[in-house]
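Handing you this structure, nothing more for now.
The values are calculated or read from the model by the stated rules, or taken from the named source; none is laboratory data. In this text the structure is predicted, and so the values were computed from the model without any measurement. Neighbour counts run over all protein chains shown; Cβ positions are idealised from the backbone, glycine included. Just so you know, the surface numbers come from the protein's heavy atoms only, side chains and all, with ligands and any DNA or RNA stripped out. Shrake-Rupley method; radii C 1.70, N 1.55, O 1.52, S 1.80 Å.
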Amino acid sequence: MGIDFKGRSFISLSDMNKEEILYLMEKSGEVKAGKHKGLLSGKTVATLFFEPSTRTRLSFESAVLQQGGQIFGFSSSASSSTQKGESLTDTIKTVTGYCDAIVMRHKIEGAARRASQVADVPIINAGDGANQHPTQTFLDIFTMMEKKGSIDGKTIGLMGDLKYGRTTHSLLVALSFFDVRLAFISPQELKMPEHYTDFLKTKGIEFMEWDVLDEKAGDLDFLYCTRIQKERFFDPMEYERVKGSYILDKESIQLLGDSTYIMHPLPRVDEIAEEIDEDERAIYFEQAHNGVPVRQALLGLALGTIR
Amino acid sequence: MSGDRSYRVFKIEEGTVIDHIPSPLGLLVLDILGQVSEGIISIGLNFDSRRTGKKDLIKYEHKVIKKEETDKIALVAPQATINIIKGGTVVEKRSIDVPDTIEGFLTCMNPNCITNLEKVKTSFDVVEKEKVKVKCRYCERVWEVKPNMIEKDGRS
Ligand SMILES: [Zn+2]
């Protein structure tokens, strides 16, 4: 096996190739199926959340504890030494001596990359500002593969704020490793930026741009939704006019196919009505739960306890 | 010959001639490279050029341009050429190539980038060479290089 993740940090999707992603997916599947039990026993993981993110932190903590690992850390910079003016570099150089791996989130972009240069243990990036949040993308890909076996040949719709959304940009890059067709569904103001569509052209990936969700959505294998924020609009009236077109409820999901799965990175606000949570195609909670085995596999690979 | 005219303006025995800088970028190149030099620095603007229409020219007496300085010129005037002069003749002709990576002398324009907030040396991958575009290795933003991103020397 040519892939060895031991000692490696996970900072950005741009550090990964297709084989590595598939390998991580395979190992995540094994972990979810109950193999590699106790893969983090005897290991200590630090969760340094300089910026709060309760969901991500709980997912990582659950991942570590379930596999027999120990965890310590902080959940906001108010409770860390950065409040006293300590540099990120110094914090990392200190904590690296206390643990086997560091999971960190920071509002400054590039913080995780910097940390990985000064740490002696693997760094897992749990979000650096608007830049990267690779484990979210890994769990998205894992969920898609779990539901449909393979990503090749699938048609995936990305809906909502495609201009600013880190999640959809990162997902797009990961999906570009596969033979997919993409549909971008967003208001004009929040269209997928040109440098991403140019990127898809260079990779030879077919994509479509739709103004609204309509009957074409029946062909989608997945519809990945993200929230549209009012602040993104220059004209608030425009927001009021368009927002309804990107909300999923009992009525609008009739446009979807029988096997069009609905995904969302969570937390949701009102872009997905609670009334559809019971629909079999709504898999966003399952998707969130997949974060646990994927993060377990990632930590196990980085620590060399899974091979 | 008109090509010789510019060389007659301020002939140097030892040093560097940066030629074929497309006008009006000569002053910008001078600004970026700085004005600290043991010898005379002469600048000529607006010569006729077959290659670029009008060209500017800078001569540094007693100074041999370093690799980092060549890279800086490449970012603003990749069409320029560099001649190293010794004993009154050209001993080395350098063409300017945009490098694959740039370490240290470019500033990332993202105010929320770690390189602007902590003591971290900047580092960029060049992603496009024609209209030079660079990608910050930290925040991963892509920038078209603008002169104000280039750290200037010789401001002492
Ligand atoms: Zn940057």
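If you average the sequence gap of Cα pairs under 8 Å that are 6 or more apart and divide by the length of chain A, what percent do you get for the contact order? Kindly include the intermediate steps, with their values, before the conclusion.
Numbers: 556 pairs, mean separation 65.1, N = 307.
Once normalised by length, the contact order is 21 percent.
Moving on. For A:Ala183, enumerate residues with amide H under 5 Å from its amide H, sequence gap 5+ or separate chain, H modeled in the peptide plane.
Residues meeting the criterion, in which the H sits 1.01 Å from N, are A:Ile156, A:Gly157, A:Leu158, A:Met208.
Using a 10 Å cut-off on Cβ atoms, rank the peptides B:72-85, A:184-197, A:133-146 from the highest mean neighbour count down. Can you show the working numbers first?
Values: B:72-85: 20.1, A:184-197: 17.4, A:133-146: 23.2.
Descending mean neighbour count gives A:133-146, B:72-85, A:184-197.
Within the stretch A:248-307, report the GluC sites (Glu not before Pro) that DSSP leaves as loop and that have at most 14 other Cβ atoms within 10 Å. List each step's numbers first, then the result.
On the way: sites: A:Glu251, A:Glu271, A:Glu274, A:Glu275, A:Glu278, A:Glu280, A:Glu286; in loops: A:Glu251, A:Glu271, A:Glu278, A:Glu280.
Qualifying residues, ordered by number: A:Glu251, A:Glu278, A:Glu280.
For the stretch A:210-282, which trypsin sites (Lys or Arg not before Pro) are both in a DSSP coil and crowded by at most 13 other Cβ atoms within 10 Å? Working shown, then result.
Working: sites: A:Lys216, A:Arg227, A:Lys230, A:Arg232, A:Arg241, A:Lys243, A:Lys250, A:Arg268, A:Arg281; in loops: A:Arg227, A:Lys250, A:Arg268, A:Arg281.
Sites meeting the loop and neighbour criteria: A:Lys250.
So, one more: Between A:Asp90 and A:Ser53, what length comes free when the chain is fully extended (0.36 nm per residue of separation minus the Cα-Cα distance, one decimal in nm)?
On the way: separation 37, 0.36 × 37 = 13.32 nm, distance 2.24 nm.
Computed gain between A:Asp90 and A:Ser53 is 11.1 nm.
Hey, which lysines would be in cross-link range of A:Lys32, C-alpha to C-alpha under 19 Å, not counting anything within fewer than 8 residues on its own chain?
A:Lys147, A:Lys148
While we're looking at this one, here's another question. Got a sec to turn the phi values of the stretch A:152-163 into Karplus ³J(HN,Hα) couplings, 6.51 cos²θ - 1.76 cosθ + 1.60 with θ = phi - 60°, whole Hz, x for Gly and Pro?
Working through the residues one at a time gives 4, x, 8, 10, 10, x, 10, 10, x, 7, 9, 7 Hz.
Another question about this same structure. Give, rounded to the nearest 20 debye, the magnitude of the charge dipole that the protein assembly as shown has about its Cα centre when Lys and Arg contribute +1 at Cβ and Asp and Glu contribute -1 at Cβ.
Numbers: 62 positive and 69 negative charges, 363 e Å.
It works out to roughly 1740 debye.
Cα-Cα over 30 Å: which of B:Lys66/B:Lys119; A:Lys18/A:Lys43; B:Lys11/B:Lys72; B:Lys11/B:Lys133; A:Lys201/B:Lys72? Show your work: numbers first, answer last.
On the way: B:Lys66/B:Lys119 25 Å; A:Lys18/A:Lys43 28 Å; B:Lys11/B:Lys72 25 Å; B:Lys11/B:Lys133 36 Å; A:Lys201/B:Lys72 32 Å.
In this structure, B:Lys11/B:Lys133; A:Lys201/B:Lys72 exceed 30 Å between Cα atoms.
Rounded to whole Hz and in sequence order, give me ³J(HN,Hα) for the stretch A:248-265 from the Karplus expression 6.51 cos²θ - 1.76 cosθ + 1.60, θ = phi - 60°, writing x for Gly and Pro.
Here the 3J(HN,Hα) series is 9, 9, 3, 6, 5, 6, 5, 6, 7, x, 5, 10, 8, 7, 9, 10, 7, x Hz.
Does the stretch A:179-287 come out rounded, prolate or oblate by the C-alpha gyration tensor, with a ≥ b ≥ c the root eigenvalues, rounded set by a/c under 1.5 and, if not, prolate when a/b is larger than b/c and oblate if not?
Oblate, since a/c reaches 1.5 and b/c is not below a/b.
Next up: Between B:Ser95 and A:Phe199, what is the label-to-label distance in nm when each label sits 7 Å out along the Cα-to-Cβ direction?
If labels sit at B:Ser95 and A:Phe199, their model points lie 3.2 nm apart.
Still on this structure, please answer the following. For chain B, what relative contact order do you get, as a whole percent, if you take Cα pairs closer than 8 Å and at least 6 residues apart? Write down the numbers at each step before the final one.
Numbers: 312 pairs, mean separation 35.8, N = 156.
Rounded, it is 23 percent for chain B.
By DSSP, what percent of the beta bridges with both residues in the protein assembly as shown are antiparallel, rounded to the nearest 5? Write out the running numbers ahead of the final one.
Details: 35 of 70 bridges.
Antiparallel bridges make up about 50 percent of those DSSP assigns within the protein assembly as shown.
Kindly state, as a whole number, the per residue volume in cubic angstrom of the convex hull around the alpha carbon atoms of the protein assembly as shown.
Details: hull volume 88.0 nm³, N = 463.
In the protein assembly as shown, the Cα hull volume divided by residue count equals 190 Å³.
Of A:Asn290, A:Ala273, A:Ala119, whose Cα points farthest to the positive end of the dipole of chain A (charges on the beta-carbon: +1 Lys, Arg; -1 Asp, Glu; origin at the Cα centre)?
A:Ala119
How well do other chains shield peptide B:115-122, expressed as the mean number of their Cβ atoms within 10 Å of each residue Cβ?
Values: counts 5, 3, 7, 8, 2, 9, 0, 1.
Mean number of neighbouring Cβ atoms from other chains: 4.
Hey, any idea what % of the protein assembly as shown's accessible area is carbon plus sulfur with a 1.4 Å probe? Display every interim value, and only then the final one.
On the way: 10280 of 21450 Å².
Solvent-exposed carbon and sulfur of the protein assembly as shown make up 48 percent of the total.
Let me ask another. Suppose every K and R has +1 on its Cβ and every D and E has -1 on its Cβ; what is the size of the dipole of the stretch B:101-149 about the Cα centre, in Debye to the nearest 20? Walk me through the numbers on the way to the answer.
Working: 9 positive and 7 negative charges, 11 e Å.
I would put it at about 60 debye.
May I pose another question? Please compute the length gained on full extension between B:Glu38 and B:Glu151, using 0.36 nm multiplied by the number of residues separating them and subtracting their Cα-Cα distance.
Values: separation 113, 0.36 × 113 = 40.68 nm, distance 2.12 nm.
Gain on stretching B:Glu38 to B:Glu151: 38.6 nm.
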